[in-house]
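Enquirer: The structure's right below; bear with me while I get my questions together.
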Amino acid sequence: MIIDENNRSACIVDPSESGPIIDFIDKNKINLKYILNTHHHHDHIGGNGPVIAATGAELVAHQDAMDAIPNVNRGLNAGDELQCGDFILKVLDTPGHTMSHICLYYPGNADEQPALFCGDTLFNAGVGRCDFGGEPKILHKTFEDHIFPLADNVRIFPGHDYIENNLEFTLDREPDNKTALSLRDEF
């Protein structure tokens, strides 16, 4: 959840479950403006219906995912912007994991570092798998166009945390990978 503390408005990215989200919103008196779905997989849209019913939030997703995600209010395209309080999120078209996947980029401000809300495009020490409707070559192009050019200070918020499994996979194939060995030692 992205919350503007000044006015208590918020957006949520990929609500897989509704109960904890609704409880948090009620307890903290949050005005949920948008539900942002990065893609159509169930583990990213499972909480949409109940959260919409409880909050009246607008559901937005990739323009080409509107048939796959029930009740989308607005389809998004590359370059679109969403305003959530004082935060402006830029929509990046990031196919590869699925062919209708978006990431949301926050460029930062004087108080906040830039951030990328990347669904299943990018994980800690890994990338999204492509065998459920994606394409590896297209995912690589997405990285060339959108991920590699990001500054080093961009905070990354993936849809899942698979770092331990991803590091073990890397080390299975590259047992001498010093970066992976160092990161694994942190866990």
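The values are calculated or read from the model by the stated rules, or taken from the named source; none is laboratory data. Note that the structure is a prediction, hence the values are computed from the model and not measured. FYI the Cβ positions are ideal-geometry reconstructions off the backbone, even for glycines, and counts take in every protein chain you see. Areas reflect the complete protein model, heavy atoms only, side chains present, ligands, DNA and RNA absent. Shrake-Rupley method; radii C 1.70, N 1.55, O 1.52, S 1.80 Å.
Enquirer: Mind checking which lysines have their Cα closer than 17 Å to the Cα of Lys90? Skip sequence neighbours fewer than 8 apart in that chain.
Expert: Of all the lysines, those that pass the test against Lys90 - Cα under 17 Å, at least 8 places apart if same chain - are Lys33.
Enquirer: Turning to a different aspect of this structure: Suppose R0 equals 30 Å; then what is the FRET efficiency for Asp67 and Glu144 from their Cβ-Cβ distance, rounded to the nearest 0.05? Could you put the intermediate results ahead of the total?
Expert: Details: r = 28 Å, r/R0 = 0.94.
E between Asp67 and Glu144, to the nearest 0.05, is 0.60.
Enquirer: Using the Karplus curve 6.51 cos²θ - 1.76 cosθ + 1.60 with θ = phi - 60°, work out ³J(HN,Hα) for each residue of the range 182-187 in order, rounded to whole Hz, and write x for Gly and Pro.
Expert: Coupling constants for the range 182-187: 5, 5, 4, 5, 6, 9 Hz.
Enquirer: Once you keep just the Cα pairs under 8 angstrom separated by 6 or more residues, what percentage relative contact order results for the range 100-177? The partial results should precede the final answer.
Expert: Values: 81 pairs, mean separation 27.9, N = 78.
Once normalised by length, the contact order is 36 percent.
Enquirer: Over the range 1-60, calculate the relative contact order: mean separation of alpha carbon pairs under 8 Å at least 6 apart, over the residue count, as a percent. Write out the running numbers ahead of the final one.
Expert: Working: 97 pairs, mean separation 21.4, N = 60.
That works out to 36 percent.
Enquirer: Then there's this: Could you give the length gained on full extension between Lys27 and Met99, defined as 0.36 nm per residue of separation minus the Cα-Cα distance, in nm? Could you put the intermediate results ahead of the total?
Expert: On the way: separation 72, 0.36 × 72 = 25.92 nm, distance 3.70 nm.
My answer for the length gained is 22.2 nm.
Enquirer: Residues with amide H under 5 Å of Val13's amide H, sequence separation 5 or more or different chain, H placed in the peptide plane at 1.01 Å from N; which?
Expert: Amide H to amide H, under 5 Å and 5 or more residues apart or across chains, Val13 pairs with Ile2, Leu36.
Enquirer: Further question on the same structure: Based on alpha-carbon centroids, what's the gap between the range 63-98 and the range 138-171 in Å, whole number please?
Expert: That distance is 19 Å.
Enquirer: Let me ask something additional. For the pair Ala53 and Gln113, how long in nm is the line joining their label points, each one 7 Å along Cα→Cβ?
Expert: With each label placed 7 Å out from Cα toward Cβ, I get 3.9 nm.
Enquirer: So what are the ³J(HN,Hα) numbers for the range 25-30, from phi and the Karplus equation (6.51, -1.76, 1.60; θ = phi - 60°), rounded to whole Hz, Gly and Pro as x?
Expert: 4, 5, 4, 9, 6, 8
Enquirer: Still on this structure, I have one more. Can you tell me the relative contact order of the range 14-170? Whole percent, Cα pairs under 8 Å, sequence separation 6 or more.
Expert: Details: 295 pairs, mean separation 27.2, N = 157.
The value is 17 percent.
Enquirer: Rounded if a/c is under 1.5, else prolate if a/b is larger than b/c, else oblate: which is the range 27-103, with a ≥ b ≥ c the root eigenvalues of its Cα gyration tensor?
Expert: Working: a/c = 2.10, a/b = 1.28, b/c = 1.63.
Because a/c hits 1.5 or more and a/b fails to exceed b/c, the range 27-103 counts as oblate.
Enquirer: Using a Cα-Cα cut-off of under 28 Å, which lysines could be cross-linked to Lys178, ignoring same-chain neighbours fewer than 8 residues away?
Expert: Cα-Cα hits under 28 Å: Lys137, Lys141.
Enquirer: If you take Cα extents along the principal axes in Å from the coordinates, which of (1) 55, 32, 30; (2) 57, 37, 25; (3) 51, 36, 30 do you get?
Expert: Looking at Cα extents along the principal axes in Å for this model, the match is (3).
Enquirer: Return one whole number: the accessible area per residue of the chain in Å², for a 1.4 Å probe. Present the calculation step by step, with values, prior to reporting the outcome.
Expert: Working: 10030 Å² over 187 residues.
I get 54 Å² per residue for this part.
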